Amino acid sequence: MIKKICIVLLIFSTNGAAMIIDDLNSNRANWSAISDNVMGGVSEVNAYEMNDGSIKFYRLEGLVSTKNNGGFIQIRTNVNFKSKEFSGVRIKIRGNDNEYYVNLRRPRMMPWNYYSAKFFASEDWQVIDLPLSSFIYSRNSNIALGSTRINSLAIVAYGKDFEAQLDIASVELY
């Protein structure tokens, strides 16, 4: 299942400064909400924008099911940067005390190939830095991300049966 949601996308870089992927305050771009339904799985995904009065955020939620060889839901957007220009991905998130992932993809990678870094989302807002050196290739953990062009960034609930709920207030490269 693929759903389109409208999300802010502001990209800038000035000599080592952060590159804001999304801060919910400027220009709009489309993210895709994707579940394992695209390959026969039965996971359910919902993604939408929310505001709790003091902060705007996106909520990724749904039932992640490993039935039928499935087991993921995600929101994904196109990006355009060279990994050597940045040290990592910074996210401001809160969740339901579960593990989640940020996935990065290079041009011409097959959909089932990606570089991934895991994080834990507690119930309180937190800023998490994921160094690019911590991203592991999905097919071989000995292959580092290295210096390459990145064209896709996804935030993913994956790998086990659970009820996912992740709030995302910002995404940037540092």
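The values are calculated or read from the model by the stated rules, or taken from the named source; none is laboratory data. Not measured: the values here are computed from a predicted model. Ideal geometry is used to build each Cβ from the backbone, glycine not excepted, and the neighbour counts take in all protein chains shown.
Within region 38-96, restricting attention to residues that are of a type in the set (Lys, Arg) and at pLDDT below 95, the residue that is surrounded by the most Cβ atoms within 10 Å (Cβ to Cβ) is Lys56.
Scanning region 68-110 for residues that are over 14 Å from Ile21 (Cα atoms), free of Cβ contacts under 8 Å to residues at least 60 places away in the same chain and either among the hydrophobic types (A, V, I, L, M, F, W, C) or not in a strand (DSSP E or B) (or both) returns Asn68, Asn69, Gly70, Asp97, Arg106, Pro107, Arg108, Met109, Met110.
Once region 111-121 is narrowed to residues that are aromatic (Phe, Trp, Tyr) and assigned to a loop (DSSP other than H, G, I, E, B), the residue that is modelled with the lowest pLDDT is Trp112. Residues of region 40-60 that are over 21 Å from Glu163 (Cβ atoms) and hydrophobic (A, V, I, L, M, F, W, C): Ile55 alone.
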